[in-house]
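The values are calculated or read from the model by the stated rules, or taken from the named source; none is laboratory data. Note that this is a predicted model, so its numbers are computed, not measured. Using ideal geometry, Cβ is built from the backbone for each residue, glycine included, and neighbour counts are taken over all protein chains shown.
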Amino acid sequence: MQFSEIIGQQEIKNRFVRTVNEQRIPHAQLLRGPEGVGKLALAIAYAQYICCENRGISDSCGVCPSCVKYKKMAHPDLHFVFPVIKPAGKSTVICDDFIADFRTMVLENPYFSVNDWYAKISGDAKQGMIYGNESQEIIRKLSLKTYESEYKVMIIWLPEKMNITCSNKLLKILEEPPAKTVFLLVSNQPDEIITTILSRTQHVHVPRLTENDIVVSLLKKDDLEITQTDALHVARISNGSFLNALSVLSEDDENKMNFERFVMIMRLAWQVGNRKDHASLKTLKKWSDEMAASSVGRERQKNFLSYAQHMTRENFILNLQQPDMNYLTSYETDFSRKFSPFINERNVEDIMKEFALAERHIEQNVNAKMVFFDLVLKIIMLLKR
């Protein structure tokens, strides 16, 4: 993958090129920023530029033996670590068990979410993790001599998913790696990484994409039939994420399902709180049980709670009569025009806190039935303010 294939982020590209040309490549860097802005693609393009045998002024050549192998994600000195889901009945699992799937996914489209990845390798909504035995694989691979390039590159996608055993075992090699070794950590939630790893890396903040970058990229895609007006609208509501833009265009099923769940919980909570509708309370109890079911899974539960925080924030902004600051799809806007008056300065902070607390409890494996029923009871009270 070359820098020219990546949407926007010219400042970051220039920074990476400069470190190579000035021969001062940091041994451990953390690319941090929102999901869908191209962090993983940047890490791969950076690695390709480092290993390219005939570098240009601003990009890899794309045709040397090293670049040809990078195009297939199969260079022997390029290594990947990413969260995986342990299959039932299997005691140990490492990333190499899923490397073929990971390569395929990146080559198809490097702008994908962690939920897309979990769906590809598992088909359900279990939580993925980078397990403790992966650290032994990392140390083993990096202890070997390089095969073809001057540098060995280890890309760790979502280091926040490393369990504590894996994180602690990597501290020494992160601080004192073998010569000519580069670590590139790619994180959506750096606050969840242990501080001892954060302190051993040089941080690179990857910002949100500009609306113009997203518009240009959408118009260039051959598989999309989209007018410039529609592209401008999509770019605006995508909030700087190309992944969000693609989701809006595809009318993502999970996004619509989260929207329907949000509408249901808010309507029923209002009916219970303001009309004393006990039948709606029973429906809310049934809703909380359905959300807690194992078939939904903790990743989708967290995804819904994150979406609910987004909708709460957007409805409050809409209630303040600031439509230019809203990032809502057409069907979300239709609902929010009527619902937004119920999200006001008296309850918005507490509603956001309750959704965020529920998300944290789900992450910590608290009983989901208790979490969701407690949540709906609190939402009933907060909507009355």
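Values for this structure:
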quantity	calculated
Test result for Arg208, touching a strand residue (DSSP E or B) at 6+ places or on another chain (Cβ under 9 Å) and assigned to a loop (DSSP other than H, G, I, E, B)	no
When residues of region 284-328 are limited to those that are surrounded by fewer than 15 Cβ atoms within 10 Å (Cβ to Cβ) and polar (S, T, N, Q), the one nearest to Val114 (Cα to Cα)	Ser306
The one condition in (1) over 17 Å from Ala41 (Cβ atoms); (2) surrounded by 14 or more Cβ atoms within 10 Å (Cβ to Cβ); (3) modelled with pLDDT of 90 or more; (4) not charged (D, E, K, R) that Ile156 fails to fulfil	(1)
Some residue of region 307-327 being free of Cβ contacts under 8 Å to residues at least 12 places away in the same chain, assigned to a helix (DSSP H, G or I) and of a type in the set (Asp, Glu)	yes
Residue ranges of helices (runs of 4 or more DSSP H) in region 70-160 with at least 3 members over 30 Å from Thr196 (Cα atoms)	99-108, 114-121
Given (1) modelled with pLDDT under 90; (2) of a type outside the set (Ser, Thr, Tyr); (3) crowded, with 19+ Cβ neighbours inside 10 Å, number of the condition Arg236 does not satisfy	(3)
